[in-house]
Structure formats: structure tokens, C-alpha cells
Amino acid sequence: MKEFVQIIKGHYDDNGVVKAIDILNDKPLTADYMKTRPDIKQRVEKAINTKTYLATYQRGTRLGFKWITQEEQTNYMDGALNDKSPVEGTKVTKLVSDFKHATPPKDFFIDKLKWKFLVRNIEKGKNIMMTGPSGCGKTDATFKAANYLEREVHYFNLGATQDPRSTLIGNTHYNKDSGTYFSESLFVNAIQQENAVILLDELSRAHPEAWNILMTVLDPIQRYLRLDEKDDSPTIKVADGVSFIATANIGMEYTATRVIDRAILDRFSLIEMDVLSEDDEYTLLKGKFPTIDENQLLQLCSIVGDIRKEINTDSPRISTMISTRNTIEIAELIMDGFSIHDASELLIYPLFPNDGNDSERVFVKQLIQKYVGNKNKKQLFDTENI
């Protein structure tokens, strides 16, 4: 079989306009390109009508064309993916259909569609921003997905960065013997590793200068970092397959966060992480702490679930909720012999202000008292009167 340069899949949109994408190189054929190449458009239309793919190959200084069946396309793509020595200058990527069977790990709960999207974007070297409340599993999801794909994760906590330039670019040092020299940052080394996953944690807490430095790095076309501190200001290209994953807390309760620049947001695909349901949280805790009494876990999940339901009402009487991270901490205390009442005193009540008889803390205490000591599993989830 010939060495294909493109494998083009075409279709008609809702208005009957010819659309096409080069699935070998993961690149759409733009409308402007189709206008300037009516010959390509005609061939794509033939491929659509004959239910084939249009493959192109190099024939001297021009391209040759061949219509191939779906079976031929699949066999060629599989062979290209297994090729240990692909032709220099070609880019081979997995098809989206390869991710249909990507399932989340058994010890981690995430919506299946979002998991597939996360895995697919990392595999294709695309940028993702994961948003959601604190403790909902954004960072953990990144490590799980990278491990699923056998990719190395390079972690950078931008929320704890006081000097963005030294963290993202590097520092100039002085040695009495050799004089002044420049030391590149770990970030510079990380972005030069093919197929690496770069985790930009707490991006919403980063200094605006960090966003400015990252503009060209995250741009899907530019993908470079200029080392301004180094002599001659060399440009470092981001390696092939590198995926940048950012996490962000967005909301009024996160007081140390900043409104993220729209230009930065446009460089990411967004994934909103969900808070676990009571059933999923119970399954998670039961898997992590199998020796804890079942009734205690049911009580804990009901308490946490009702607090989360309250925060989502039209007129909530509380200003924050219990995250899955908090719930795991509470379960750890129960595992070590603390009662739910004791664990609540230590880890739940301090989250809510205590400023009078109608305070948030009083409300939460009343809610917890409805469950503590109740041994009837059927009643544990009967929360209509709370």
C-alpha cells in the first residue's frame, strides 16, 4: 500500500455544504481551502457518495489520489500506529473512535463522557482546563488519566508561585569562578519532553505575569517559550504531544482567586468536574474504608448530601459545602475511632460561620443531629423533612 500523506473523511452538513477532515493528521479542510481547490471538493464529494475515504500520496512533485474503503483506512491507520519508524515529518494520531472504550478507573468517580474527553485531549496534545469546587478531584483526575495513557506528569502549583519568571523561565546566577550564568527552570525542561502532561494547578490563583508568559506556550499555533533572561533570548519550542492541563476554582467563595483573562481561557477546552452523588460517594468511601460500619458511612453520606442540596437551593442558608476531600478526611477519623459527632466538631463545623442563633453553623448542627444516632438505614435517606 502507498505511503499516504492524507486520509480525508467527508460529509455534508445540515445545509448540504461539503465538510472534510484529514483524519491522518487530525486537521480539518477549511472552507477557504475547499474554494481554492474545487478539484479536491469534487473528489471529497465522490468519497461521500461512494462511502469511501479520499487518500492522497506523493507522486513526484504533485499529489496522487486514491479512494479507499473503511476497512483499508482502518488497516492503514492501525499499521501506522504500530509502525516503530514512521516516515520523518509525518504525524500519526489515534482516531477518536479509539477512545470509545476508555473507562474510568474503578477507584475514581468521573462522568464517563468527561473521562473520554479528558483522555482523548491528552492523547492528542490538547489543552484542558478543569473547573469545579475545591476537593472535587480535578488534580486527581489528571494523574489518573495520564497514568491510563502511561504519560509522565510534570506538576507546577501556580497558586503558590511568588516569582512566575523564575518558575516558568529560570534564574540568572553568579559564580565567582565562571561569572554570571543562566539556569533554566524545570518548566522549560518539561515542555521539551514529547507527550508530557504539564499540570498547571491553581491557575486561577496565578500571578497575571504567569498568564502573560504562558500566552505563547498555550497557543495551539505558536507553542513556544522565549527565554528573555538568557543571552540572545532563545526560543524554546513545545515538544510534540505535550498536553497542558490547568485546574481552576471559579466562584465568589474562593477569595484568593483572580478572574482569568479571556485570552487564556480561549486556549483551553473546559471540563466541569461534578460533585459526587450520595451513592457514588458511599461506593468510594466503602472501597477506601471497607472496615467502617455501613450505617456510619450511610449517615455520613446523607449528612454531606443534604449540605450539598442546601447550597443548591434558591435561597441557601449556608455559603459553602463539604467536598469529597473533606468527606474522605472525616471517614479517616471514623476509621481511627472518632464518632461522626466528634468528626463533625473537628472538620465540618469550622467551615461555617457562628454568628448568632440563626448562623450557618447552627443550621448545620441541627441537620447533623437529625442523623447522628439513627440506626435505621431506610430513614437515613428519608430527608424530606430536613
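Determine whether the range 157-171 contains at least one residue that is more than 28 Å from A263 (Cβ to Cβ), surrounded by 18 or more Cβ atoms within 10 Å (Cβ to Cβ) and either modelled with pLDDT under 90 or not charged (D, E, K, R) (or both). No, every residue in the range 157-171 fails to be more than 28 Å from A263 (Cβ to Cβ), surrounded by 18 or more Cβ atoms within 10 Å (Cβ to Cβ) and either modelled with pLDDT under 90 or not charged (D, E, K, R) (or both).
Which condition does A20 not pass, out of (1) touching a Ser or Thr at 6+ places or on another chain (Cβ under 6 Å); (2) within 23 Å of K126 (Cα to Cα), if it passes all the others? Among (1) touching a Ser or Thr at 6+ places or on another chain (Cβ under 6 Å); (2) within 23 Å of K126 (Cα to Cα), A20 violates only (1). For the subset of the range 191-214 comprising residues that are over 18 Å from the mean Cα position of the chain (by Cα) and either modelled with pLDDT of 90 or more or of a type outside the set (A, V, I, L, M, F, W, C) (or both), which member is surrounded by the fewest Cβ atoms within 10 Å (Cβ to Cβ)? The selected residue is E194. Could you list all residues from the range 288-303 that are surrounded by 14 or more Cβ atoms within 10 Å (Cβ to Cβ) and under 20 Å from D107 (Cα atoms)? Across the range 288-303, the qualifying residues are F289, I292, L297, L298, L300, C301.
Checking each residue in the range 275-295 for being under 12 Å from A331 (Cβ atoms) and in a helix (DSSP H, G or I) picks out E281, Y282, L284, L285, K286, G287, K288. Taking residues in the range 296-315 that are outside any helix (DSSP H, G or I), and partners anywhere that are not polar (S, T, N, Q), the pairs with Cβ atoms closer than 9 Å and at least 6 places apart or on different chains are N312/M321. Selection within the range 172-190: residues that are over 25 Å from the mean Cα position of the chain (by Cα) and not hydroxyl-bearing (S, T, Y). The member of this set that is modelled with the highest pLDDT is E184. Restricting attention to the range 55-103 and to residues that are among the aliphatic types (A, V, I, L, M) and touching a strand residue (DSSP E or B) at 6+ places or on another chain (Cβ under 7 Å), the residue that is modelled with the lowest pLDDT turns out to be L63. Any residue at all in the range 342-352 that's modelled with pLDDT of 90 or more, over 30 Å from A206 (Cα atoms) and buried (at least 16 other Cβ atoms within 10 Å of the Cβ)? The answer is yes; a qualifying residue exists. If the condition is being more than 13 Å from Q73 (Cα to Cα) and among the small types (G, A, S), then the range 1-60 contributes G10, G16, A20, A31, G60.
Those residues that are within 23 Å of M273 (Cβ to Cβ) and of a type in the set (D, E, K, R), I need them from the range 312-367; list them, please. Scanning the range 312-367 gives R325, E329, E332. The residues listed here are T320, T327; of these, the one that is crowded, with 19+ Cβ neighbours inside 10 Å, closer than 21 Å to G137 by Cβ and polar (S, T, N, Q) is T327.
Pick from the range 49-58 the residues that are farther than 11 Å from I8 by Cα and assigned to a loop (DSSP other than H, G, I, E, B): which of them is farthest from the chain's Cα centre (by Cα)? Checking each candidate, the answer is T50. Note on the range 215-241: residues that are in contact with a Pro (Cβ under 9 Å, 6 or more places away or on another chain) and either modelled with pLDDT of 85 or more or not in a loop (DSSP other than H, G, I, E, B) (or both) total 1. Please specify each residue of the range 17-48 satisfying the condition of being part of a loop (DSSP other than H, G, I, E, B), at pLDDT 85 or above and either out of contact with any strand residue (DSSP E or B) (no Cβ under 7 Å at 6 or more places or on another chain) or not assigned by TED's automatic domain parsing to the domain that holds T69 (or both). The answer is V17, R37. The set of residues in the range 318-338 being farther than 20 Å from T283 by Cα and over 27 Å from the mean Cα position of the chain (by Cα) consists of I318, G337, F338. Every condition in (1) in contact (Cβ under 8 Å) with a residue 12 or more places away in the chain; (2) charged (D, E, K, R); (3) assigned to a loop (DSSP other than H, G, I, E, B) is met by D358 except one, and the failing one is (1). Cβ-Cβ distances below 6 Å connect the following pairs, each with a first residue in the range 193-207 that is farther than 22 Å from D261 by Cα and assigned by TED's automatic domain parsing to the domain that holds F143, a second residue that is modelled with pLDDT of 90 or more and among the polar types (S, T, N, Q), and a separation of six or more residues or different chains: V197/S243.
With the condition kept exactly as written, say whether any residue in the range 328-344 is touching a residue at least 60 places away in the same chain (Cβ under 8 Å) and in a helix (DSSP H, G or I). There is no residue in the range 328-344 that is touching a residue at least 60 places away in the same chain (Cβ under 8 Å) and in a helix (DSSP H, G or I). Scanning the range 258-275 for residues that are within 17 Å of the chain's Cα centre (by Cα) and aliphatic (A, V, I, L, M) gives I260, I264, L265, L270, I271, M273, V275.
The values are calculated or read from the model by the stated rules, or taken from the named source; none is laboratory data. A quick note: this is a predicted structure, and the numbers were derived from the prediction, not measured. Cβ sites come from the backbone with ideal geometry, for glycine too, and all protein chains shown count toward neighbours.
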